[in-house]
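Just below is one structure, and these are the notes that go with it.
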Amino acid sequence: MSRRVGLSTTAVVDAAVEVIDENGLDALTLAAVASRTGVAAPSLYKHVGSLGELRTLVGLRLLEEMTERFTTAVVGRSGVEALAILMREYRAFVVEHPARYAAMPADPLNDPALAAAGTKLLNVFLAVLRGHGIEGPEAIHATRCARAITHGFASIEASGGFGLPEDLDETYEQLIQMYIASV
């Protein structure tokens with residue numbers, strides 16, 4: 001059976017994510033996705049209008065993946081425990097999928113195509129913080145801080161930027177405790 005028989009927008013996005021995972025975001029081209037799906041590049045236009053649209057669909061997929069993963073991790077937890085678990089899951093996602101994470105849009109809330117999915121991800125953080133007694137503008141500030149800590153640490157880790165032998169898990173746990181003490 002030819003691979004093209006089952007080609008759909010979902011299959012095109014799946015292939016795009018595979019290209020990114022294996023070769024990095026810069027390798028994402030319509031030609032690379034077409035090759036992976038076994039079709040000619042023009043055939044992809046039945047499923048995505050452009051490379052830009054494909055990147056948006058990949059961003060949407062990543063937001064949904066992260067939301068599902070983080071929600072599953074924190075369900076039934078609250079307070080300090082939920083905050084720590086959320087930050088650990090965020091780091092784990094980045095380290096497990098560094099190239100995929102690099103494809104995340106920087107500000108999905110200001111992209112009409114991604115705003116709903118970005119809001120769902122934000123709501124995971126806000127719900128966890130609400131369980132810790134933090135709401136309103138303070139919760140937005142706390143979310144930004146958690147994102148900056150996690151993004152920074154995990155991105156440096158994923159790129160091999162921590163070359164000293166001290167345990168990275170220990171360092172990250174110290175960051176989590178510092179963050180929790182500050183909120």
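The values are calculated or read from the model by the stated rules, or taken from the named source; none is laboratory data. Predicted model only: the values in this text are computed from it and were never measured. Please note: Cβ atoms are built from the backbone with ideal geometry, for glycine as well, and neighbour counts cover all protein chains shown.
Considering only residues that are small (Gly, Ala, Ser) and at pLDDT 95 or above, which ones fall in region 77-98? Of everything in region 77-98, those that are small (Gly, Ala, Ser) and at pLDDT 95 or above turn out to be ALA82, ALA84, ALA92.
Examine region 68-83 for a residue that is part of a helix (DSSP H, G or I), of a type in the set (Phe, Trp, Tyr) and under 17 Å from the mean Cα position of the chain (by Cα), and state whether such a residue exists.
Looking only at region 68-83, we keep the residues that are part of a helix (DSSP H, G or I), and these are 68-74, 79-83.
Next cut, of a type in the set (Phe, Trp, Tyr) only: 70.
Applying the additional criterion that residues be under 17 Å from the mean Cα position of the chain (by Cα) yields 70.
Taking every residue of region 68-83 in turn, at least one turns out to be part of a helix (DSSP H, G or I), of a type in the set (Phe, Trp, Tyr) and under 17 Å from the mean Cα position of the chain (by Cα).
Being within 30 Å of LEU175 (Cα to Cα), surrounded by fewer than 18 Cβ atoms within 10 Å (Cβ to Cβ) and aliphatic (A, V, I, L, M) is a property that VAL94 lacks.
LEU63 meets all of the listed conditions (1) touching a Leu at 6+ places or on another chain (Cβ under 7 Å); (2) outside any loop (DSSP other than H, G, I, E, B); (3) in contact (Cβ under 8 Å) with a residue 12 or more places away in the chain; (4) not assigned by TED's automatic domain parsing to the domain that holds ARG144 but one, namely (4).
Restricting the search to region 35-45, which residues are of a type outside the set (Phe, Trp, Tyr), assigned to a helix (DSSP H, G or I) and surrounded by fewer than 19 Cβ atoms within 10 Å (Cβ to Cβ)?
Taking region 35-45 as the starting set, the residues that turn out to be of a type outside the set (Phe, Trp, Tyr) are 35-44.
Next, from what is left, pick out any that are assigned to a helix (DSSP H, G or I): 35-37, 41-44.
Of everything in region 35-45, those that are of a type outside the set (Phe, Trp, Tyr), assigned to a helix (DSSP H, G or I) and surrounded by fewer than 19 Cβ atoms within 10 Å (Cβ to Cβ) turn out to be SER35, ARG36, ALA41, PRO42, SER43.
On the basis of being touching a residue at least 60 places away in the same chain (Cβ under 8 Å) and in a helix (DSSP H, G or I), does MET87 make the cut? Yes.
Taking the criterion of being touching a Lys or Arg at 6+ places or on another chain (Cβ under 9 Å), surrounded by fewer than 19 Cβ atoms within 10 Å (Cβ to Cβ) and either assigned by TED's automatic domain parsing to the domain that holds GLU22 or in a helix (DSSP H, G or I) (or both), no residue of region 97-138 qualifies. Within region 152-167, work out how many residues are surrounded by fewer than 16 Cβ atoms within 10 Å (Cβ to Cβ) and within 18 Å of ILE85 (Cβ to Cβ). Residues flagged as surrounded by fewer than 16 Cβ atoms within 10 Å (Cβ to Cβ) and within 18 Å of ILE85 (Cβ to Cβ) within region 152-167 amount to 0.
Screening VAL95 against (1) within 10 Å of the chain's Cα centre (by Cα); (2) in contact (Cβ under 8 Å) with a residue 60 or more places away in the chain leaves a single unmet condition, (1).
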